[in-house]
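Engineer: Please read through the structure below; I'll follow up with questions.
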Amino acid sequence: MGYTLAQKILKDHLVSGEFKKGNSIAIKIDQTLTQDATGTMAYLEFEAMGVKRVKTEKSVAYIDHNTLQSGFENADDHRFIGSICKKHGIYFSRPGNGICHQVHLERFGKPGKTLIGSDSHTPTGGGIGMIAIGAGGMDVAVAMGGGAYHIVCPEIVKVELTGKLSPWVSAKDVILEVLRILSVKGGVGKIIEYCGEGVKTLSVPERATITNMGAELGATTSIFPSDEITREFLKAQKREEDYVPLSADADAEYDMVVEINLSELKPLAACPHSPDNVKSVEEIGNMKIDQVCIGSCTNSSLLDMMKVAHILKGKTVHPDVSLSIAPGSKQVLNMLAENGALSVLIDAGARILESACGPCIGMGQSPNSKGISLRTFNRNFEGRSGTKDGQIYLVSPEMAAISAINGYLTDPREIGEMPEFKLPEVFTINDNMVVPPVPEEEMDTVEILRGPNIKPFPVSEPMEETIEAGVSLKVEDNITTDHIMPAGAKILPLRSNIPAISKFCFAVCDEEFHDRALEMKKSIIIGGANYGQGSSREHAALAPLYLGVKAVIVKSFARIHKANLINAGIIPLTFKNEADYDKISLKDELVLNNIRELIKNDGKIVMVNKTTGDEIELVAELSQRDREMLIDGGLLNYTKNNN
């Protein structure tokens, strides 16, 4: 039996563990990336490990999230990250150079390599044949220090692509169709591998759009083969030496197969408030809109921008619509300026934003009250836009552009004949906004610059023998990390200050949670299915840790958040019988007797609800390493104890 492409790369990087589906394995990491909303904490953790110089082939820190500098906090964090990079061997992508995933795809990603990043959309790198995985900042810090990255050996889902996209149907429609089929929970514990003749019809930027939004499936990652199209892209980026041909074996076996005929796809949109609430443009109808935002790590490539410019040329944005456009990188913005497309966008009335994440993370451009906003982004969770009752639809750049002109949701196939859009034979290359680290012999001369907003991360203690605590919060299914630890211009600047940012923890669900948890000193959170979906932000674990949360008990977890809870020393438990969720209420007193011993030895966990008298069986789905980490009080303590 042959191997899938993902299996080949994983096996080639296997450090420990039996390569068998469902087993815990450790893999060597070649590259890492961070962004500034998660990076400050990751580098504080790296410092705490006491490693002088990163041990990866390439580590890059990007400034792309917290670029709205309305106070000193973001600027201080950027200075801190820049000084850390200079000292410890990390490349520093300055503010203005672009969105981490777009820039990494252009300038640093390599087929066949492993990459983890402290951002959930790191799987964008799968568009050029990488195993690229989103992770918590602490996992990234460990990888930079030379440690392996631990995952459960995943199932592999084959998405067989046939045919060719029709005019004005896009890569965004491909991933929306996959989300419609599999749902936001359908990828948990799986790698999505794209195969088939249809792959050859998709450019690298189109492939990257698809792998980027694989994060919304809950998948470990997504990947395309590395082929001649990959080679042409790397050659155009003057990196042809990085090309390696990679594909699955002809006799590879998959755990599941999804077939998609690209020729049959229609323009789609994800309706509020979930990326898998997918409908066709015909089903939604000619809905009046208020705002259009084009950009984000999903759809900000040169190819996307050239399509948008073609549609907007000679037109004017509808007077009732606000259109903003954020090119994904300095390279894209430069090339739009060189070829005249930037002038086209400006002439049409678009508001040109800097090359950064911006509105995708609620950093500006929030829609009006109850406003309908079409966005080429990857998430439309309630309140993520910065407007609590905003109605966010996820669409392709083509649909976004024509709708901005008409003032209502429009099928892009109405545009007429589509010209052939080709990537340039040579991209404009200028890496002057990437600062290299100093040589190793100069490390000791570099001063680390710390502002007053940078606080140490919260200290976790070894696990108690028995946990007796009240329920500080009970929430429903599909709670996202945006619910747990919101983003936005008001909150993101506090990412390096856990005591301050914790005041906003779960504020979307229950404004009294912060004060209640502090008053209780020690508590347990109860949740539903797919708890913690969305962003990789470890702050969604660190803030509850600071507030005294000892365990989170839910119907099921999203992968990255569960790992972040373990890293923080918070016990993740699931109900053996989901109906037992209904037996627990807010402020009930719960007891986990002998929990330390039971976690250590994989014993049967029975929780007692002292308030009702109910006994509830729980499950701890943990690897041996997970158990040892929890006993020690989290990854940092575990790392120190085992070095």
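Here, each number is a calculation from the coordinates, and none is a lab measurement. Bear in mind the structure is a predicted one, so any value in this text is a computation, not a measurement. All Cβ positions, glycine included, derive from the backbone under ideal geometry; neighbour counts span all protein chains shown.
Engineer: Counting only residues 5 or more places away or on other chains, whose amide H sits under 5 Å from the amide H of Gln35 once H atoms are built in the peptide plane?
Structural biologist: Amide H neighbours of Gln35, under 5 Å, 5+ apart: Tyr62, Ser118.
Engineer: What's the angle, to the nearest 10 degrees (0 to 90), between helix 72-88's Cα axis and the longest principal axis of the chain?
Structural biologist: 90
Engineer: Could you give me the radius of gyration and the Dmax of the range 5-264, taking only the C-alpha atoms into account and expressing both in angstrom?
Structural biologist: 18.1, 57
Engineer: List, in order, the whole-Hz ³J(HN,Hα) value for each residue of the range 243-258 obtained from phi through the Karplus relation with A = 6.51, B = -1.76, C = 1.60 and θ = phi - 60°; use x for Gly and Pro.
Structural biologist: Couplings: 6, 9, x, 9, 7, 6, 5, 4, 9, 5, 10, 10, 7, 7, 10, 10 Hz.
Engineer: Which part of the range 175-191 falls in the paramagnetic zone of Glu283, meaning amide N under 18 Å from the point 7 Å along Cα-to-beta-carbon?
Structural biologist: 175-186
Engineer: Also: Between Ala48 and Arg94, what length in nm is gained on full extension when 0.36 nm per residue of separation is reduced by their alpha carbon distance?
Structural biologist: Computed gain between Ala48 and Arg94 is 14.1 nm.
Engineer: Based on the alpha-carbon set only, what is the convex hull volume of the range 268-412 divided per residue, in Å³?
Structural biologist: Dividing the Cα hull volume of the range 268-412 by its residues yields 85 Å³.
Engineer: Share of antiparallel DSSP beta bridges in the chain, in percent to the nearest 5?
Structural biologist: 35
Engineer: Also, I was wondering about something else. Can you list the HN-Hα couplings for the range 310-322, worked out from phi with the Karplus curve (6.51, -1.76, 1.60; θ = phi - 60°), rounded to whole Hz and with x for Gly and Pro?
Structural biologist: Each residue of the range 310-322 in turn: 4, 5, 7, 4, x, 10, 10, 4, 3, x, 8, 10, 9 Hz.
Engineer: Give me the distance in nm between label points sitting 7 Å out from Cα along the Cα-to-Cβ direction at Glu228 and Leu518, one decimal.
Structural biologist: So the two model labels end up 6.4 nm from each other.
Engineer: Would you mind checking the range 15-35 for residues with the amide N under 13 Å from a putative spin-label position 7 Å along Cα→C-beta of Asp255?
Structural biologist: Output list for this probe position: 20-25.
Engineer: Under 14 Å from a label point 7 Å along Cα→Cβ of Met418: give me every residue in the range 165-179 with its amide N that close.
Structural biologist: Only 165-175 fall inside the zone, counting backbone N under 14 Å.
Engineer: List the relative contact order of the chain as a percent without decimals, with contacts defined as Cα pairs under 8 Å and 6+ residues apart.
Structural biologist: 15
Engineer: Okay, moving on. So which trypsin sites (Lys or Arg not before Pro) in the range 319-370 pass both tests, a DSSP loop state and at most 14 other Cβ atoms within 10 Å of the Cβ?
Structural biologist: Lys370
Engineer: Which log10 I(q)/I(0) values, to two decimals, does the range 467-638 give at q = 0.10, 0.20 Å⁻¹ under the Debye formula with one point per Cα?
Structural biologist: For the range 467-638, the Cα-only Debye profile gives -0.33, -1.44.
Engineer: Give the calculated FRET efficiency between Lys266 and Met1 to the nearest 0.05, with a Förster radius of 41 Å applied to their Cβ-Cβ distance.
Structural biologist: That pair, Lys266 with Met1, gives E of 0.65.
Engineer: Just add up the charged neighbours of Thr4: K/R +1, D/E -1, any other residue whose Cβ is under 11 Å from the Cβ of Thr4.
Structural biologist: Net charge in that neighbourhood comes out at -3.
Engineer: Now for a different question. Is it possible to state the helix-based mean residue ellipticity at 222 nm for the chain, with each DSSP H run of 4+ residues giving -39500 (n - 2.57), the sum divided by total residues, to the nearest 500 deg cm²/dmol? What is it?
Structural biologist: About -8000 deg cm²/dmol.
Engineer: Separate question: Return the sequence-ordered ³J(HN,Hα) values of the range 620-637 in whole Hz as given by the Karplus equation 6.51 cos²θ - 1.76 cosθ + 1.60 applied to θ = phi - 60°, using x for Gly and Pro.
Structural biologist: Calculated HN-Hα couplings, in order: 10, 7, 9, 7, 4, 5, 4, 5, 5, 4, 5, 4, 6, x, x, 5, 5, 4 Hz.
Engineer: Taking one equal scatterer on every alpha-carbon of the range 1-150, how large is log10 of I(q)/I(0) by Debye at q = 0.09, 0.14 1/Å?
Structural biologist: Treating every Cα as an identical point scatterer, log10 I(q)/I(0) equals -0.28, -0.64.
Engineer: Once R0 is set to 25 Å, what does the formula 1/(1 + (r/R0)^6) return for the Cβ-Cβ distance between Leu586 and Asp477, expressed as a FRET efficiency to the nearest 0.05?
Structural biologist: So the FRET efficiency works out to roughly 0.90.
Engineer: For a Förster distance of 41 Å, can you work out the FRET efficiency between the beta-carbons of Ile429 and Lys370, rounded to the nearest 0.05?
Structural biologist: In this case the efficiency is close to 0.35.
Engineer: Provide the gained length on full extension for the span Glu442 to Asp389, in nm with one decimal, where the gain is 0.36 nm per separating residue minus the Cα-Cα distance.
Structural biologist: Here the segment from Glu442 to Asp389 would lengthen by 13.9 nm.
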